[in-house]
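The values are calculated or read from the model by the stated rules, or taken from the named source; none is laboratory data. Being a predicted model, the structure only gives us computed values, none of them experimental. Please note: Cβ atoms are built from the backbone with ideal geometry, for glycine as well, and neighbour counts cover all protein chains shown. When the accessible area is computed, the model is the full protein with side chains, heavy atoms only, and any ligands, DNA or RNA have been set aside. Shrake-Rupley method; radii C 1.70, N 1.55, O 1.52, S 1.80 Å.
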Amino acid sequence: QVQLVESGGGLVQAGGSLRLSCAASGRTFSTYAMGWFRQAPGKERECVAALSRSGDSTYYADSVKGRFTISRDNAKNTVYLQMNSAKPEDTAVYYCAATSSQFSYYAWRYGYWGQGTQVTVSS
């Protein structure tokens with residue numbers, strides 16, 4: 001099993017940057033593909049980025065391509081989401097998730113979730 005703890009959320013002005021971190025417990029972090037999801041009030045949870053075990057393959061939602069970057073440091077058991085050129089529509093609770101299967105943008109493929117961190121982008 002793996003436990004996930006997100007950090008780095010907060011308030012940022014439109015056009016600004018924020019980096020989210022997700023620390024994972026356990027010694028098998030490198031065997032999990034990772035994803036970052038977000039959920040805004042009244043909306044469904046959506047995948048914004050996903051990353052393979054090795055970090056060689058990525059997925060980005062169209063809405064964040066060119067602005068967000070997902071990365072991982074297997075030595076530190078941590079996955080990151082660098083958010084640049086933030087927009088008010090990026091406001092949501094952001095969750096990191098882990099899956100022991102292939103990385104995916106489907107939430108149902110992820111068996112482990114963090115508690116979420118709030119990101120608010122002011123206009």
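Computed quantities for the displayed model
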read-out: Flag for Gly10 being modelled with pLDDT under 95, open to solvent by less than 60 Å² (accessible area, probe 1.4 Å) and not hydrophobic (A, V, I, L, M, F, W, C); value: no
read-out: Selection within region 34-45 - aliphatic (A, V, I, L, M) and surrounded by fewer than 24 Cβ atoms within 10 Å (Cβ to Cβ); value: Ala40
read-out: Evaluation of Thr28 against (1) of a type in the set (Ser, Thr, Tyr); (2) within 14 Å of the chain's Cα centre (by Cα); (3) modelled with pLDDT under 95 (one fails), failing number; value: (2)
read-out: Single match in Arg38, Arg67, Arg109, Arg53 (criterion: free of Cβ contacts under 8 Å to residues at least 12 places away in the same chain and of a type in the set (Lys, Arg)); value: Arg109
read-out: Val48 vs. criteria surrounded by 14 or more Cβ atoms within 10 Å (Cβ to Cβ) and either in a strand (DSSP E or B) or not β-branched (Val, Ile, Thr) (or both); value: yes
read-out: Matching entry among Ala92, Ala107, Ala98 (being modelled with pLDDT of 95 or more and in contact with a helix residue (DSSP H, G or I) (Cβ under 9 Å, 6 or more places away or on another chain)); value: Ala98
read-out: Residue satisfying all of: in region 85-112; assigned to a strand (DSSP E or B) and out of contact with any Asp or Glu (no Cβ under 9 Å at 6 or more places or on another chain); nearest to Ser21 (Cα to Cα) among these; value: Ala97
read-out: Selection count where residues are open to solvent by 50 Å² or more (accessible area, probe 1.4 Å) and outside any strand (DSSP E or B), scope region 63-79; value: 6
read-out: Filter result for the condition that a residue is open to solvent by 60 Å² or more (accessible area, probe 1.4 Å), farther than 22 Å from Ser123 by Cα and of a type in the set (Phe, Trp, Tyr), over Tyr95, Tyr60, Tyr105; value: Tyr105
read-out: Subset of region 80-92 (residues that are surrounded by 13 or more Cβ atoms within 10 Å (Cβ to Cβ) and either more than 21 Å from Val12 (Cα to Cα) or charged (D, E, K, R) (or both)); value: Lys87, Asp90
read-out: Residue check, Gly16 open to solvent by 30 Å² or more (accessible area, probe 1.4 Å) and assigned to a loop (DSSP other than H, G, I, E, B); value: no
read-out: Criterion: out of contact with any Pro (no Cβ under 7 Å at 6 or more places or on another chain), modelled with pLDDT of 95 or more, in a loop (DSSP other than H, G, I, E, B) and more than 14 Å from Ala40 (Cα to Cα) - qualifying residue of Gln115, Gln82; value: Gln115
